[in-house]
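Student: This is the structure, below, for whatever I ask next.
The values are calculated or read from the model by the stated rules, or taken from the named source; none is laboratory data. Predicted, not measured: the structure shown is a model, and the values here were computed from it. Please note that ligands, DNA and RNA were not included when accessible areas were found on the heavy atoms of the full protein model with its side chains. Shrake-Rupley method; radii C 1.70, N 1.55, O 1.52, S 1.80 Å.
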Amino acid sequence: MSFIPGQPVTAVVQRIEIQKLRQGANLILGFSIGGGIDQDPGQNPFSEDKTDKGIYVTRVSPGGPAEAADLRMGDKIMQVNGWDMTMVTHDQARKKLTKKGEDVVRLLVTRKSLEQVVKQSMCNYPRP
């Protein structure tokens, strides 16, 4: 999915709620991210046109909280706890995800399979 920075975005999103796992003093989410406006989008394997500077899930730990919540590698994170993530640096995204005192992270993500399902259903919908 690509878009023009500063312009409205239309996207099919899925809500995902991740309960952080406590390990000692740490709260674990069980996934890694890549991307950001300060990163080279050409290095992002999930950017179709190699210009998308969004935040993407690059790894999901087997058996971790993110996997249990159905977060998937390649998901594009659009929001974290209501905060827009479409124009943030990698570090800003990391800080929003790992904010202290928050045991739950609520995400809005988009993924290719969601967009494909909607496109297919629109094609199959009878028009008057």
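Student: Quick check: from the Cα gyration tensor, does the stretch 44-107 come out rounded (a/c under 1.5), prolate or oblate?
Tutor: Cα axes put the stretch 44-107 in the oblate bin.
Student: A 21 angstrom limit on the alpha carbon distance is what I want to check against. Which of 20/50; 76/99; 50/76 exceed it?
Tutor: Violating the 21 Å limit, Cα to Cα: 20/50.
Student: Accessible area per residue of the stretch 1-106 at 1.4 Å probe, in Å²?
Tutor: In whole numbers, the stretch 1-106 has 59 Å² accessible per residue.
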